[in-house]
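**Q** Dropping a structure here in structure tokens format, bear with me for questions.
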Amino acid sequence: MPAPPRGMEFSHMRRRRSPIAIDFGVRAVTMLQAETCAGTTRIRAAAREPLASTAASDRAEAWFASAQRLLRSGRFRGGLATTALGLDDVSSRHVRVPFDALEHAGERILAQVQGADGGDDDVVINPVPVADFLDQGERKREFLCCIVKQAAIDARIALLERLKLRPCAIELAPLAQARALLHAAPGESFAHLDIGAAECRITFVRAGQPLLVRSVPVAGEALQATLEERLGLDITALAALGNTSSMDAKLTAAAITDALAEPLERLAQKLAEGIRYCGALFQGRAVTSLRATGRLAQLPGLMTALGRRIGLRSEATDPLAGVDAGPLANASAGLRSTYATTLGLCLAELAA
């Protein structure tokens, strides 16, 4: 049997490196770079920096300054970058197209979206097919359409180019997060709750396919402020107290859920609405669990209380569970949770 060509003997062992994934958040810039080798995904570089207190007045400049410092740390390699837009820049709409018109689905979707928005701004529409079903006796396909103004895309590209990077992809942040969770459990059906600083985001996934994306005006920072005001402790102290003993954990969980009863009820209502919608779409229960990310998701009793309200098994989840965490191996659960978006961005590019 002839020998393989020189240089090809170990080609299957070569590492493949992702572009630099950058999450320009409301309160921090987060960067991640991953690589694959022999079927294993490993994080090779990770960094996060809170934005300066003046960020609200000029967020683009704050993003640039933080990202520039992280890039100069020397841990990231290459000039390609991928990033995501949040729900403040991207809206979503569900559009149904008859099967006999699928050949012209793009025009149908464009007409419905423009007719509903009534705006003259240039937009980019990314339709994601989510379900086929019968609607009043007619077979239709439903699309989750992510809609973003061209100006928002141009601004993000300009920011990356100013950082001397070459943008290769821009995604919707909740979809990137869902991909990170699916990496460890492909094909599963669940609701994902991301407790962000300025809002919560909910994404419903069925059999590995995102179905529905919603934002909820419940801010993680407001939840923290409520806990500190009513209980006199910050979230770090509360998390530590919950790990002291089983009795302390129960008392801490009860105090937390009592203090946050009102916002938890608002989250439960929005989750229940999405569960009903997805159930109607598939004529039965479409999601089987609730998974949460964000620092507050780790608080004792929080997810148990929320799951009890909506009737689903609920837990804080680790988005890095399906990969070799590398430099984040010893990071706290709360910190690991903040890398969900960037990991999802890396996974998309490594799979491309």
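**Q** Of the conditions (1) at pLDDT below 90; (2) within 30 Å of Pro129 (Cα to Cα); (3) small (Gly, Ala, Ser), Ala292 fails just one. Which one is it?
**A** Going through (1) at pLDDT below 90; (2) within 30 Å of Pro129 (Cα to Cα); (3) small (Gly, Ala, Ser) one by one, Ala292 breaks only (1).
**Q** Let me ask something additional. Here are some residues: Asp318, Asp324. Which one is within 16 Å of the chain's Cα centre (by Cα) and at pLDDT 90 or above?
**A** That would be Asp318, the only listed residue that is within 16 Å of the chain's Cα centre (by Cα) and at pLDDT 90 or above.
**Q** So the check is Cβ under 6 Å with 6+ separation or different chains; which pairs have a first residue in the stretch 214-242 that's without any contact (Cβ under 8 Å) to a residue 12 or more places away in the chain and a second one that's among the charged types (D, E, K, R) and outside any helix (DSSP H, G or I)?
**A** So the pair list comes out as Glu228/Asp234.
**Q** Just the residues that are charged (D, E, K, R) and more than 9 Å from the chain's Cα centre (by Cα), please, taken from the stretch 185-203.
**A** The answer is Glu188, Glu199.
**Q** Does Glu103 satisfy being modelled with pLDDT of 90 or more, open to solvent by 10 Å² or more (accessible area, probe 1.4 Å) and out of contact with any Gly (no Cβ under 8 Å at 6 or more places or on another chain)?
**A** Working: modelled with pLDDT of 90 or more: yes; open to solvent by 10 Å² or more (accessible area, probe 1.4 Å): yes; out of contact with any Gly (no Cβ under 8 Å at 6 or more places or on another chain): yes.
The answer is yes for Glu103.
**Q** From the set of residues in the stretch 27-46 that are open to solvent by 70 Å² or more (accessible area, probe 1.4 Å) and assigned to a loop (DSSP other than H, G, I, E, B), which is farthest from Ala197 (Cα to Cα)?
**A** Gly39
**Q** If you don't mind, another one. May I ask you to list the residues in the stretch 172-187 that are in a loop (DSSP other than H, G, I, E, B) and either free of Cβ contacts under 8 Å to residues at least 60 places away in the same chain or farther than 22 Å from Thr304 by Cβ (or both)?
**A** Selection gives Pro186, Gly187.
**Q** Follow-up question, since we're still on this one. When you go through Gly78, Gly86 one by one, which is the residue that is in contact (Cβ under 8 Å) with a residue 24 or more places away in the chain and at positive phi?
**A** Numbers: Gly86 fails: at positive phi.
Answer to the selection: Gly78.
**Q** One residue is enough: does the stretch 331-341 have a residue meeting the conditions closer than 17 Å to Phe190 by Cβ and hydrophobic (A, V, I, L, M, F, W, C)?
**A** Checked against the condition, which is being closer than 17 Å to Phe190 by Cβ and hydrophobic (A, V, I, L, M, F, W, C), the stretch 331-341 yields at least one hit.
**Q** For the stretch 150-164, check the following and say yes or no: at least one residue is assigned to a strand (DSSP E or B), among the charged types (D, E, K, R) and either out of contact with any Cys (no Cβ under 7 Å at 6 or more places or on another chain) or open to solvent by less than 70 Å² (accessible area, probe 1.4 Å) (or both). Walk me through how you get there before you give the answer.
**A** Narrowing the stretch 150-164 to residues assigned to a strand (DSSP E or B): none.
No, because not a single residue in the stretch 150-164 is assigned to a strand (DSSP E or B), among the charged types (D, E, K, R) and either out of contact with any Cys (no Cβ under 7 Å at 6 or more places or on another chain) or open to solvent by less than 70 Å² (accessible area, probe 1.4 Å) (or both).
**Q** Anything in the stretch 208-234 that is more than 19 Å from Leu271 (Cβ to Cβ) and either at pLDDT 90 or above or out of contact with any helix residue (DSSP H, G or I) (no Cβ under 6 Å at 6 or more places or on another chain) (or both)? List them, or say none. Lay out the reasoning, then the answer.
**A** First, pick out the residues of the stretch 208-234 that are more than 19 Å from Leu271 (Cβ to Cβ): 208, 221, 224-234.
If the condition is that a residue be more than 19 Å from Leu271 (Cβ to Cβ) and either at pLDDT 90 or above or out of contact with any helix residue (DSSP H, G or I) (no Cβ under 6 Å at 6 or more places or on another chain) (or both), then Glu221, Gln224, Ala225, Thr226, Leu227, Glu228, Glu229, Arg230, Leu231, Gly232, Leu233 are the ones that fit.
**Q** A further question on this structure: Considering only the stretch 47-92, state which residues are at pLDDT 90 or above, in a strand (DSSP E or B) and open to solvent by 20 Å² or more (accessible area, probe 1.4 Å).
**A** Arg48, Glu49, Pro50, Leu80
**Q** If you take just the strands (runs of 3 or more DSSP E) that sit entirely in the stretch 190-237, which of them hold at least 1 residues that are surrounded by fewer than 17 Cβ atoms within 10 Å (Cβ to Cβ)?
**A** It comes to 209-216.
The values are calculated or read from the model by the stated rules, or taken from the named source; none is laboratory data. Note that the coordinates shown come from a computational prediction; the quantities given were computed from them, not determined experimentally. Heads up, the Cβs are rebuilt from the backbone with ideal geometry, glycines too, and the neighbour counts pull from every protein chain shown. In case anyone asks, the SASA skips ligands and DNA or RNA and just uses the protein heavy atoms, side chains included. Shrake-Rupley method; radii C 1.70, N 1.55, O 1.52, S 1.80 Å.
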